[in-house]
Amino acid sequence: MSALRLLAASCLTAVLFTASASAWDSLGHMLITQIASDQLTPEAKVAVDQSLSRFNEDKKSDRPGEPAAYDIVTASCWMDDARAMPEKYSFSPWHYVNLPYTPEGLPEPDGGKEPNVIWAINHCTDIIEGKAADPAVNRDQALVMLLHLEGDAHQPLHTTNRGGDLGGNRVTLENEELSKEEKLFGKSADGNLHAFWDSSYRRIFSDGKAKVAYEAPFYDKEKPIAGHASASAIIRREASAIGKKYPPTFLTDQKDPEGWAHESHAVGYELGYGKLSSDVSPDHKAKLNEHYVTAARDAAEQRIAMAGYRLGAMLNRLYGGTAETPVP
């Protein structure tokens, strides 16, 4: 096989693996956990590292060809990585909650059927605290899932649904410039609103299009942990930049998972949907303007900062009392 074909195959596997991901993209989730990690007390850091060590040992058979191990930052991607193993892991409803779009400002319902992301965060917390048991999720896996789900609850279009459009997945965009991966191997020449918000924290408006300011590294789908780790310099740089714009004092209320989802929902319907055309017909393509892209980026950076600080506080509460966590 030629070098060009090898490169193309490597790029394709990366795209196929990441295409199924939802909520913030992998960089977004890692930004949140990087910010959270920077807030941990020494006791919490030791306890979290011990839990992750057990998790890696327990899951090493899932990827026999991957020597790398998850750390607190890369572990936030595990729930999306696990989508490649549907026969073993099936947690799709845990990632979101369908709070209907309510442009009239009416109170939204409680989110409908469980499981959803609000329920899932509370469930994982209860498992870690020993208040609940789940044959499919031990304490160490509950921690790893919490690292991801807490971020999901802060993504505006993971809590908002308009006309059954699956949180914007059915809203095609006219002028989103796809990333390099999507350009090479995407299923469509157009993006969609949900995917835009997944990467909205790194979107800029230029030449009439919504573009990404920086790309994620390519990686082999058989080695996702090493692939996530290859973005470590990007994550540290961007987490620092977000932290300078929105320091810990920016967060004034810790709230709870339901409160996080309702905050996200407000952003989703006031900005995510509220600044778009009301036309939701299948053949309609929404066009993003510079104000929308800039406002979305600012809102997403704020949501990522808040998610990171809240996750850090939660981990300090759950793991800060002792360096030894209970063995599942």
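The values are calculated or read from the model by the stated rules, or taken from the named source; none is laboratory data. A quick note: this is a predicted structure, and the numbers were derived from the prediction, not measured. Cβ coordinates were reconstructed from backbone atoms using ideal geometry, including for glycine residues, and neighbour counts include every protein chain displayed.
The residues in region 284-320 that are crowded, with 24+ Cβ neighbours inside 10 Å and among the hydroxyl-bearing types (S, T, Y) can be counted, and the count is 1. Selection of first residues in region 42-59 that are surrounded by 15 or more Cβ atoms within 10 Å (Cβ to Cβ) and of second residues that are of a type in the set (D, E, K, R) and in a helix (DSSP H, G or I), restricted to Cβ pairs under 8 Å at least 6 apart or on distinct chains, gives the following pairs, ordered by first then second residue: S51/R139; S51/D140; L52/D140; R54/D140; F55/D140. A195: touching a residue at least 24 places away in the same chain (Cβ under 8 Å), under 18 Å from the mean Cα position of the chain (by Cα) and buried (at least 20 other Cβ atoms within 10 Å of the Cβ), yes or no? Taking the combined requirement at face value, the residue satisfies it.
For beta carbons closer than 9 Å, sequence separation of 6+ or different chains, a first residue in region 283-300 that is closer than 10 Å to R203 by Cα and a second that is surrounded by fewer than 19 Cβ atoms within 10 Å (Cβ to Cβ) and of a type in the set (G, A, S), the qualifying pairs are R297/A213. The numbered conditions (1) farther than 17 Å from G308 by Cα; (2) modelled with pLDDT of 95 or more; (3) crowded, with 23+ Cβ neighbours inside 10 Å; (4) small (G, A, S) are all true for G227 except (2). Annotation: A261 fulfils all but one of (1) among the hydrophobic types (A, V, I, L, M, F, W, C); (2) in contact with a Leu (Cβ under 8 Å, 6 or more places away or on another chain); (3) within 25 Å of T74 (Cα to Cα); (4) at pLDDT 95 or above; the unmet one is (4).
For (1) surrounded by fewer than 24 Cβ atoms within 10 Å (Cβ to Cβ); (2) touching a residue at least 12 places away in the same chain (Cβ under 8 Å); (3) on the phi > 0 side of the Ramachandran plot, each residue gets a yes or a no:
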site	(1), (2), (3)
N122	yes, yes, no
G130	yes, yes, yes
V137	yes, yes, no
A142	no, yes, no
P156	no, yes, no
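A Cβ distance below 6 Å, combined with a sequence gap of six or more or placement on separate chains, defines the contacts here; from region 62-88, residues that are under 15 Å from L27 (Cβ atoms) reach residues that are part of a loop (DSSP other than H, G, I, E, B) in the pairs D80/A21.
Of all residue pairs spaced 6 or more apart or on separate chains, those with beta-carbon atoms under 6 Å, a first member in region 217-244 that is touching a residue at least 24 places away in the same chain (Cβ under 8 Å) and in a helix (DSSP H, G or I) and a second member that is of a type in the set (D, E, K, R) and surrounded by 19 or more Cβ atoms within 10 Å (Cβ to Cβ) are P224/D81; I242/E301.
When we screen D283, D256 for residues that are modelled with pLDDT under 90 and among the charged types (D, E, K, R), the only hit is D283. Given the criteria part of a loop (DSSP other than H, G, I, E, B), among the hydroxyl-bearing types (S, T, Y) and either without any contact (Cβ under 8 Å) to a residue 40 or more places away in the chain or surrounded by fewer than 18 Cβ atoms within 10 Å (Cβ to Cβ) (or both), does Y214 qualify? When the stated conditions are applied, Y214 passes them. Within region 158-181, the only residue that satisfies the criterion of being buried (at least 21 other Cβ atoms within 10 Å of the Cβ) and assigned to a helix (DSSP H, G or I) is H158.
Of all residues in region 161-214 being among the aromatic types (F, W, Y) and modelled with pLDDT of 80 or more, which is nearest to P93 (Cα to Cα)? If we take residues in region 161-214 being among the aromatic types (F, W, Y) and modelled with pLDDT of 80 or more, then W197 is nearest to P93 (Cα to Cα).
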